[in-house]
Amino acid sequence: MKTLATCVARGGVRSIVITIGIVAIGASVTRAQDYFVDQRNDGFTPGTYYSIPLNEPIGQEFTPSLDHVDVVDLYISAQVQTLIQLLIHEGTIHGDVIGGATTDVVWPTAPPARFEFASSVELVPGELYVIEVQADSQCFLGVAPAQTDPYSGGDLIIVGHVYNGFDAWFREGVWDVSSAQMSTWGAIKALYER
């Protein structure tokens, strides 16, 4: 599927519907390329994009089953080289910031955008956290929500408000799952299945 990113001025269109994909989620810790995924909503090609600068604060809630996070992937698209900042908040998008990372998104780069923390961000398994993204450019960037609420551990946040039933495309996880404390038998089983 092709994606489209369009520059918009402040006060312009807040979202553009492009395509709608198929949705699937994973329920346990699995390996994604070079790290172990704890929480994910990545089984689809995004169908909607929201401007990050026009919809700040914007992000995705998640409920980890592991006690820390090392890396986050988001489906972000940009037409110009853009520095993106990612923050992890406790509880709500206005909660305390407990971690942060930045990455450059260069057009044309195939998503996802990878954010790696300098050191592990400590989490409490089963508690709610928020991934917030911020952009240094007014050019359109996208976080891609699915319209069928595929992720039960949280919701999309747009302009600081929770949008029940919508979720961003994301993955979060750890470099080494053996160093993580897990909260579910399914997560422990994932270690054995490696």
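From the set of residues in segment 41-54 that are assigned to a loop (DSSP other than H, G, I, E, B) and open to solvent by 10 Å² or more (accessible area, probe 1.4 Å), which is nearest to Ile131 (Cα to Cα)?
The qualifying residue nearest to Ile131 (Cα to Cα) is Asp42.
Mind counting the residues in segment 170-194 that are out of contact with any His (no Cβ under 8 Å at 6 or more places or on another chain) and modelled with pLDDT of 90 or more? Looking only at that region, the number is 5. The number of residues in segment 55-85 being more than 20 Å from Val159 (Cβ to Cβ), open to solvent by 20 Å² or more (accessible area, probe 1.4 Å) and outside any loop (DSSP other than H, G, I, E, B) comes to 1.
Considering the conditions (1) in a loop (DSSP other than H, G, I, E, B); (2) of a type outside the set (Val, Ile, Thr); (3) modelled with pLDDT of 75 or more, Lys2 is excluded by exactly one of them, (3).
The values are calculated or read from the model by the stated rules, or taken from the named source; none is laboratory data. This one's a predicted model, so the numbers in the text were calculated from it and none came from an experiment. Using ideal geometry, Cβ is built from the backbone for each residue, glycine included, and neighbour counts are taken over all protein chains shown. Side chains included, ligands, DNA and RNA excluded: accessible areas come from the protein's heavy atoms. Shrake-Rupley method; radii C 1.70, N 1.55, O 1.52, S 1.80 Å.
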